[in-house]
Every structure is written in C-alpha cells, then in structure tokens.
Amino acid sequence: MKNDFDIIVIGAGPAGTIASCKLMKEGFTVKILEKMEFPRFVIGESLLPHSMDYLDELDLLKCIEDQKFQLKTGACFYHNEQRCDFLFKDQYTKGWDYTYQVKRADFDNALAKETEKKGADLEFNAEVLLVENGPAQQKVKYLNAQKEEINITSRFVVDASGYGRVLPRMFDLEVKVPTPPRGAIFSHFDDSKRTEEDGRNIFIHAFNNNTCWIWSIPFSDGSASVGIVGDASNITHYAENDGAGFKKMVADFPGLSGRYDNVEYKFEPRVILNYAVSVKQLYGEGYILCGNSTEFLDPVFSSGVTLAISSGYKAATIVSEHLKGENVNFEDYSIELKKGIDVFRSYVNGWYNGTLQTIFFSDKTNEVMKSQICSVLAGYVWDETNPFVKKHEKALSTLAKIIEM
Ligand SMILES: Cc1cc2nc3c(=O)[nH]c(=O)nc-3n(C[C@H](O)[C@H](O)[C@H](O)COP(=O)(O)OP(=O)(O)OC[C@H]3O[C@@H](n4cnc5c(N)ncnc54)[C@H](O)[C@@H]3O)c2cc1C
C-alpha cells in the first residue's frame, strides 16, 4: 500500500473533491481520507450558479448532469404577503443562469466517484486522528475501516473536513463568531402538491420579526427539503416531542398554502445548533483549510457549497503553485476568500436586521440594482465591477435609506 503522497485531503465533501481534482489536474498525487461511507446525508441542498463555473472548469459537470437533479433558476423570498423573485437570467454578472437543487448524498457521491476516476486514492471509513505538520513533510494518522491506526505522509495537507473541523480543533484555530446562537430543524417531505413554478425556485419566508425563516427546496424526485432557521431557543422548542412544533408549523405555514399539510415526511426532523464558526487563520506550515473548515455564517443565501467549492479550488491553486516552487504568499488566499465571505456577511446581516427586507419588498428598487443584487445571490461575490459586491455593506444600507425616505 502506498503511504506517501503529494497531498492528503481530509474529507470528501465538495471542498475536498474540488481541491483534489484541481491538484490532480496540476499533476499531483492525492490521497483523500473520508470518515464516512458514501452516500451519506449532509444538509446544504440548494446550489448557486457560480459553483457551475468550477464544476465546468474541472470537467465535473457531466457527472452532476447525469444525476438529473432539480433545475434551479432563481430564488424567491417572502415576507408577510409580499413576494420578491430573483431570476438568475436577469443577473448583472455574465455567468451561469441556472444551477441545481440536490440531495447532497447523491451530489457528493457523484463528485467523489468522479474524483476517484480521475486518479485520487479515496478511502472511506478513514477517520483522521492526528496531523503533525512540518516544513517539508506532513504526518497523518488515521483509523481505517478495520479500526487499525495507519500512518501516511505527504508534502501538504488540505483540510476539507467541514463540520468535522479537524485542523481548527487540533491546532486550536477556532474563534467564536459575534452572531446570536442560531439553529435549524429540517426534514424531507413529499412535495407532490407543488406547482411547476414552485419546483424551479428555492422558497424562503421570513417570520417572527425577521428572527426566523422557513425554506423549501424542491428535489427532482417529487420530494423537498423543508426547514426552519431561528434562535437556538426557538429551534429547541420546535424540536420537542419528536419535532411536533416543527411539523405543525410546516403544515400550517400561511405562505405555503397547505403544500406540506398531511404529507409523508422521509425522516424524523433533525436539528443543528450553533453552526456559525470561524478560525484565526486559514493556513499554516504544511496545511491549508477550505470549505466549512474555514468559516460558516448562515444558510439563508445558500452560499455554503459554493464557498466550499470556490475555496477548494482557490486553496488547491495556491498549494499547487507553492509545491511547484513559485514564490507564493498564502495570505493572498486568506484575503481573496475573506472578500467573498465578507460580501455574504453583509447580506446575512442585512437579512436579519431588516435592511434586505426593505430592499427586496420595495417597488422603488430599480432593475439595475436588482440585477446587481441578483449576482450576489448567484454567488458571484468576487466580481468587483458590481457595486453591490465592491461596496457591499454601504451599497445595501444606502439603498435601504433611500427607499425609506
Ligand atoms: C441548516 C443549514 C442549511 C444549509 N443549507 C445550505 C444550502 O441550501 N446550500 C448550500 O450551499 N449550503 C448550505 N448549508 C451549508 C453546507 O452544509 C456546507 O457549507 C457544506 O456542506 C460545506 O461543504 P464542505 O465540503 O466544506 O464540508 P462537508 O460537506 O461537511 O464535508 C466534509 C467531509 O469531511 C468528513 N470528515 C469530517 N471529519 C473527518 C475526519 N476526522 N477524518 C476524515 N474525514 C472527516 C465528513 O465526513 C464529510 O464528509 C447549510 C448549512 C446548514 C447548517
């Protein structure tokens, strides 16, 4: 068994497989260690169009298209009786005008299989226990499917362990985020009552004075992911008695007009609390972090997988340059990634403080500005020709003030 590689990647979620494909394209050998057996459930089912750029670039689109996932052409936001549609075909940035709503078990499995086909040595049921980093060689200890401890080495480690946060925990990199503790409760429901239009868009509806929101993400097999995000205390309350409060809320929610009333749900509601996290640094001697291992803010704009994919690609690019002997500054990776994350941060803050509601549900927002905001919602958060990217926070607050005048 081979035990030395150019790169060891921890985790076979989207960040890990994209980083691996980019590194293999640059000529490196890659070992991926994945704790679980695939397909496995993970939340995060609505993609953004910008993710398609990376899938296309790495020749991964066909394996995704073969899955016949539900087409997603926009996002639909509601507040009380008001509705605001963003269609990606109307966006300012010249980019993809569609993407998919995916069951992540199938999406991640398709990417993992294709990554293996391209040459990655992918081992499932392989849990990373220890990483000893050094200037030239990284030592990784993991537990294999037979519960044996295995030691392997590489020139570099990419941590794409998502919610596992392997290196942030091991190297004490975690920092608290200054957002209120929030959580989510969700399940998959039969969605046979939906209209054709319901099927094309993610549905997001704020309630409880913008402190909570409900999502519905339709899948191509006629089911849908439905969940509620809110203060951790609210979510804990919805989860009591096997999620009775959640099930009732979903069945009776006015904006959903009975779409999930008296329908089958596919599994008992699951809860995730306090998912917002960050780190002090995104790289160190012999390692780099990407995907949810770096920072996760909030799911309201479905940015998680797109950021995982784009950070996996960007991390692999700089690691490749470094290993080829180019003089790189890893801080450039941090700055670049944070630029995109900070754009989403302004939009997330604007969602909860009401700024975005003012903008979304006003007839004073002109079409040009709406198309620029639409590009952010499509994931094009590095297009600095877009004023709603370049001066994200200011652009949103100024527009909201003008509308309110
Ligand atoms: C409520 C909620 C709703 C969300 N909705 C959306 C959405 O609609 N759209 C969206 O884009 N994002 C959404 N997200 C975010 C999304 O879940 C994540 O951003 C995304 O899964 C991150 O991908 P990743 O590749 O970084 O990590 P993951 O997908 O978590 O993959 C990491 C992999 O690492 C493996 N791993 C962990 N520890 C170890 C170890 N010790 N050794 C080996 N392997 C290990 C895990 O088994 C896993 O397979 C949502 C998040 C939440 C909380």
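The values are calculated or read from the model by the stated rules, or taken from the named source; none is laboratory data. All figures in this text were calculated on a predicted structure; none of them were measured in a lab. Please note: Cβ atoms are built from the backbone with ideal geometry, for glycine as well, and neighbour counts cover all protein chains shown.
Observations, loosely collected:
- For the stretch 266-316, residues that are outside the structural domain of GLY11 (by TED's automatic domain parsing) and touching a His at 6+ places or on another chain (Cβ under 7 Å) total 2.
- When the stretch 125-163 is limited to residues that are hydrophobic (A, V, I, L, M, F, W, C) and in contact with a Lys or Arg (Cβ under 8 Å, 6 or more places away or on another chain), the one that is nearest to the ligand (Cβ to nearest atom) turns out to be VAL128.
- Answer residue from the stretch 359-383, given it is modelled with pLDDT under 95 and hydroxyl-bearing (Ser, Thr, Tyr) and is farthest from SER311 (Cα to Cα) among those: SER362
- When the stretch 75-94 is filtered for residues that are touching a residue at least 60 places away in the same chain (Cβ under 8 Å) and touching an Asp or Glu at 6+ places or on another chain (Cβ under 6 Å), the ones remaining, listed by number, are CYS76, PHE88, THR93.
- The helices (runs of 4 or more DSSP H) falling completely within the stretch 6-85 that include 3 or more residues that are surrounded by 15 or more Cβ atoms within 10 Å (Cβ to Cβ) and within 15 Å of the ligand (Cβ to nearest atom) map to 14-25, 50-57.
- Qualifying residue in the stretch 214-232 (condition: within 20 Å of PHE361 (Cα to Cα) and either touching a Lys or Arg at 6+ places or on another chain (Cβ under 8 Å) or not in a strand (DSSP E or B) (or both)): yes
- Set ILE202, ILE235: member being within 15 Å of the ligand (Cβ to nearest atom), of a type outside the set (S, T, N, Q) and touching a residue at least 60 places away in the same chain (Cβ under 8 Å): ILE202
- Unmet requirement for ALA120, which otherwise passes all of (1) surrounded by fewer than 22 Cβ atoms within 10 Å (Cβ to Cβ); (2) touching a residue at least 40 places away in the same chain (Cβ under 8 Å); (3) in contact with a Cys (Cβ under 9 Å, 6 or more places away or on another chain): (1)
- Selection of the stretch 93-117 for residues being out of contact with any Phe, Trp or Tyr (no Cβ under 8 Å at 6 or more places or on another chain) and either crowded, with 22+ Cβ neighbours inside 10 Å or not assigned by TED's automatic domain parsing to the domain that holds ILE8 (or both) yields ALA110, LEU111, THR115.
Here is a yes/no grid of residues against (1) over 24 Å from PHE124 (Cα atoms); (2) of a type in the set (D, E, K, R):
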{"position": "MET36", "(1), (2)": "no, no"}
{"position": "ILE43", "(1), (2)": "no, no"}
{"position": "ASP59", "(1), (2)": "no, yes"}
{"position": "PHE77", "(1), (2)": "yes, no"}
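- Entry remark, the stretch 1-38: residues being among the β-branched types (Val, Ile, Thr) and under 17 Å from LEU60 (Cβ atoms) number 5 in total.
- Meets criteria (within 30 Å of THR358 (Cβ to Cβ), at pLDDT 95 or above and of a type in the set (A, V, I, L, M)) for LEU48: yes
- For the stretch 279-299, a residue qualifies if it is over 14 Å from the mean Cα position of the chain (by Cα) and closer than 30 Å to PRO178 by Cβ, and the qualifying residues are VAL279, LYS280, GLN281, LEU282, TYR283, GLY284, GLU285, TYR287, ILE288, LEU289.
- Selected residue (criterion: surrounded by the fewest Cβ atoms within 10 Å (Cβ to Cβ)) from residues of the stretch 220-245 that are of a type in the set (A, V, I, L, M, F, W, C) and in contact with a Gly (Cβ under 8 Å, 6 or more places away or on another chain): ALA232
- Residue, surrounded by the fewest Cβ atoms within 10 Å (Cβ to Cβ), within the stretch 274-332, restricted to residues that are small (Gly, Ala, Ser) and in a strand (DSSP E or B): GLY284
- Candidate set: the stretch 225-279, residues that are in contact with a Pro (Cβ under 6 Å, 6 or more places away or on another chain) and within 22 Å of ARG40 (Cβ to Cβ); chosen: the one modelled with the highest pLDDT: GLY243
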